[in-house]
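The values are calculated or read from the model by the stated rules, or taken from the named source; none is laboratory data. Just so it is clear, the structure is predicted and the values come from calculations on it, not from any experiment. Every residue, glycine among them, receives a Cβ derived from its backbone with ideal geometry; neighbour counts consider all protein chains shown.
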Ligand code: BTN
């Protein structure tokens, strides 16, 4: 994606006809170059009509993710139609010094990454994006970030559809027992300081059941399937960013106290893990326990069936 394309879309955004000559003059390129850009936008699925002398006209897309038509609060979007993984791309951008709020976004991922080495199925219709964060708090606080992202994503889904997904510790969203959203946080730390974090968010928005691979069909769902209505990825993303920055700013300034007092009640009210009998699969060990609380750093505190209280930092935790 290049800025010429983005400027062209901004110029056509009003929906009126503009001649190749006028567009070329605004972009500082030839009419032939305008035509080439129009063709490349068509290749991205953006419908542009041409009508002889009247020139070109864009038919406003139904659910555009293309930056000039999107607008995400607090974010600068880098758009890709198809990419291996937005997390990998955002990590690359972060290494090159991209600012907090840079968001890599794609319509399709060909090698989406999930937690604990899993693949993440990412067909057209989902919201696949990765946000660069540069928190000023110490690395020990980093684990709180995916928890606030999960709550922000749950709130965003609720804002847009009225559905209320549950949060499965640490940061999965579920609806009617099926997975709706996953979050993958990748942190780069140097000498007691977080250099950057890449927060990858995958939300199943408008996929139909047949869009999912066979192996996942019974365990995942989308907002459209659950609501029975068309849901727009752009709306979900804007609502997410709005909610997320609110929590993130609170956490950056208020630290542990904010996490405990302001955030945890909201997390707990959405949790489908707390207070439940769970099975904890961590490293080579799986054991039964009761999920009792969330600690100061986002860890799950469980009481194992043998009575021992344990802090769980990274594990697959399922409700029994
Ligand atoms: C999980 O396993 O639950 C986490 C899934 C995270 C998927 C998202 S989709 C956008 C971003 N890019 C990736 O490659 N993964 C994350």
*Mind counting the residues in segment 228-261 that are farther than 14 Å from residue 154 by Cα, in contact with a helix residue (DSSP H, G or I) (Cβ under 6 Å, 6 or more places away or on another chain) and part of a helix (DSSP H, G or I)?*
5
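Residue check: is residue 194 more than 14 Å from the ligand (Cβ to nearest atom), assigned to a strand (DSSP E or B) and surrounded by fewer than 17 Cβ atoms within 10 Å (Cβ to Cβ)?
Considered against the rule, which asks whether it is more than 14 Å from the ligand (Cβ to nearest atom), assigned to a strand (DSSP E or B) and surrounded by fewer than 17 Cβ atoms within 10 Å (Cβ to Cβ), residue 194 comes out as no.
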*asked:* Condition (residue is modelled with pLDDT of 95 or more, more than 14 Å from the ligand (Cβ to nearest atom), outside the structural domain of residue 314 (by TED's automatic domain parsing) and out of contact with any strand residue (DSSP E or B) (no Cβ under 7 Å at 6 or more places or on another chain)) applied to segment 65-85: is it met by at least one residue?
replied: yes
*Determine whether residue 162 is away from the ligand (no atom under 15 Å from the Cβ) and farther than 20 Å from residue 104 by Cα.*
yes
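Report, by residue number, each residue of segment 118-146 that is part of a strand (DSSP E or B) and either surrounded by 24 or more Cβ atoms within 10 Å (Cβ to Cβ) or touching a helix residue (DSSP H, G or I) at 6+ places or on another chain (Cβ under 8 Å) (or both).
Residues satisfying the conditions are 126, 127, 128, 129, 130, 131, 132, 133.
Within segment 165-180, can one find any residue that is more than 15 Å from the ligand (Cβ to nearest atom), more than 24 Å from residue 296 (Cβ to Cβ) and surrounded by fewer than 23 Cβ atoms within 10 Å (Cβ to Cβ)? Break it down stepwise before answering.
Taking segment 165-180 first, the residues more than 15 Å from the ligand (Cβ to nearest atom) are 176-177.
Okay, now just the ones that are also more than 24 Å from residue 296 (Cβ to Cβ), so 176-177.
Still in the list and also surrounded by fewer than 23 Cβ atoms within 10 Å (Cβ to Cβ): 176-177.
Within segment 165-180, one or more residues are more than 15 Å from the ligand (Cβ to nearest atom), more than 24 Å from residue 296 (Cβ to Cβ) and surrounded by fewer than 23 Cβ atoms within 10 Å (Cβ to Cβ).
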*Just one of the numbered conditions (1) touching a residue at least 40 places away in the same chain (Cβ under 8 Å); (2) within 22 Å of residue 116 (Cα to Cα) is not true of residue 134; which one?*
(2)
*Within segment 301-315, how many residues are loosely packed, with under 13 Cβ neighbours inside 10 Å and assigned to a strand (DSSP E or B)?*
2
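In segment 147-183, which residues are farther than 22 Å from residue 87 by Cβ and assigned to a loop (DSSP other than H, G, I, E, B)? Working first, answer last.
Taking segment 147-183 as the starting set, the residues that turn out to be farther than 22 Å from residue 87 by Cβ are 155, 158-164, 166, 175-178.
Those that are farther than 22 Å from residue 87 by Cβ and assigned to a loop (DSSP other than H, G, I, E, B): 162, 163, 164, 176, 177.
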*asked:* within 15 Å of the ligand (Cβ to nearest atom), farther than 23 Å from residue 204 by Cα and surrounded by fewer than 21 Cβ atoms within 10 Å (Cβ to Cβ): is that true of residue 92 in this structure?
replied: yes
*For residues in segment 181-191 being over 15 Å from the mean Cα position of the chain (by Cα) and at negative phi, which is nearest to the ligand (Cβ to nearest atom)?*
187
*Residues satisfying the stated conditions in segment 208-232, i.e. within 16 Å of the ligand (Cβ to nearest atom) and surrounded by 20 or more Cβ atoms within 10 Å (Cβ to Cβ)*: 212, 220, 221, 222, 223
*Give, as residue ranges, the strands (runs of 3 or more DSSP E) completely inside segment 4-117 that count at least 1 residues that are in contact (Cβ under 8 Å) with a residue 40 or more places away in the chain.*
55-58, 76-83, 102-109
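Could we say that residue 99 is more than 14 Å from the ligand (Cβ to nearest atom), surrounded by fewer than 18 Cβ atoms within 10 Å (Cβ to Cβ), farther than 21 Å from residue 74 by Cβ and assigned by TED's automatic domain parsing to the domain that holds residue 199 here? Talk me through it step by step, then tell me what you get.
Working: more than 14 Å from the ligand (Cβ to nearest atom): yes; surrounded by fewer than 18 Cβ atoms within 10 Å (Cβ to Cβ): yes; farther than 21 Å from residue 74 by Cβ: no; assigned by TED's automatic domain parsing to the domain that holds residue 199: yes.
Judged against the criteria, residue 99 is not a match.
Is it true that some residue in segment 131-152 is in the same structural domain as residue 109 (by TED's automatic domain parsing), at positive phi and more than 16 Å from the ligand (Cβ to nearest atom)?
Quick first cut of segment 131-152, residues in the same structural domain as residue 109 (by TED's automatic domain parsing) only: 131-152.
Now drop any that are not at positive phi, which leaves none.
No, that holds for no residue.
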